[in-house]
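The values are calculated or read from the model by the stated rules, or taken from the named source; none is laboratory data. What you see is a predicted model; the values in this text were computed from it and never measured. Cβ sites come from the backbone with ideal geometry, for glycine too, and all protein chains shown count toward neighbours. Just the protein is used for accessible areas: all its heavy atoms, side chains included, with ligands, DNA and RNA removed. Shrake-Rupley method; radii C 1.70, N 1.55, O 1.52, S 1.80 Å.
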Amino acid sequence: TVSPQKQFYHCFGCGAHGTAIGFMMEYAGMGFVDAVKDLAGRTGMQVPEEEGRRREPHEGPRTVDLAEVMAKAAAWYREQLKHAPKAIDYLKRRGLTGEICKTFGIGYAPDGWRNLASAFAHYDDPLLEESGLVIVKPAEDGNEAETKRYDRFRDRIMFPIRSVQGEVIGFGGRVIDQG
């Protein structure tokens, strides 16, 4: 039940209860500030921010850079799907249409060890490893020149995982056939 007068909700089945802010935090996995902003936005209100408290992209370059890397990879995977009849046939057999794939940003990681090198000018960028897109395997003898870098996802249908804000924060990969 929801009590507008008392401004809380309570589920008699599972015992969950709280305020609208607590609900958004729990249901959508948001932090307190994001929950307040989301609820305010839904009612046409704007939350005032104190000077110096705003998070601008230049204040968090690492997070912004990771988001850009993930967005670029997602776009590249989507483009690869257009040129992969094997992946398209697989998706059609599973009942997914082109419209569904477009809506959800589904893509394809081609088979191969270093395909992302064609999407990223600097395949040795540490952000590719930090984002989980590339695996770095050090040489057994510690020789840095023999360190191997390769794509984590190969011959996979790619499903972008998005944050509440809509940014790609990860990927799920589905093996095609018996891979």
Item to check | Inter-label distance for Ile161 and Asp177, nm, one decimal - labels placed 7 Å from Cα along Cα-to-Cβ | outcome: 2.8
Checklist entry - Got a number for the accessible area of Lys86? Probe 1.4 Å, square angstrom, nearest 10. => result 100
Checklist entry - Lys pairs in the chain, Cα-Cα under 22 Å, at least 8 apart or on separate chains: how many? => result 8
Checklist entry - Using 0.36 nm per residue, how much length does the chain from His10 to Leu96 gain when fully extended, once their Cα-Cα distance is taken away? => result 27.1 nm
Checklist entry - Given H placed on each backbone N at 1.01 Å, which residues far from Asp111 in sequence or on other chains put an amide H within less than 5 Å of it? => result Asp155
Checklist outcome for this item: Taking only protein heavy atoms and a 1.4 Å probe, the highest-to-lowest accessible-area order of Phe23, Phe171 is Phe23, Phe171
Checklist outcome for this item: From most to least accessible, 1.4 Å probe, no ligand or DNA/RNA atoms counted, Trp113, Trp76 line up as Trp113, Trp76
Checklist entry - If each of Ala121 and Val2 carries a label point 7 Å out from its Cα toward its Cβ, how far apart are those two points in nm? => result 5.0
Checklist outcome for this item: For 132-139, 77-84, 98-105, ranked highest to lowest by mean beta-carbon neighbours within 10 Å, the order is 77-84, 132-139, 98-105
Item to check | Cα-centre dipole for the chain with unit charges at Cβ (Lys and Arg positive, Asp and Glu negative), debye to 20 | outcome: 960
Checklist entry - Taking springs between alpha-carbon atoms closer than 10 angstrom, which of Ser118, Ser131, Ser163 fluctuates most in the Gaussian network model of the chain? => result Ser118
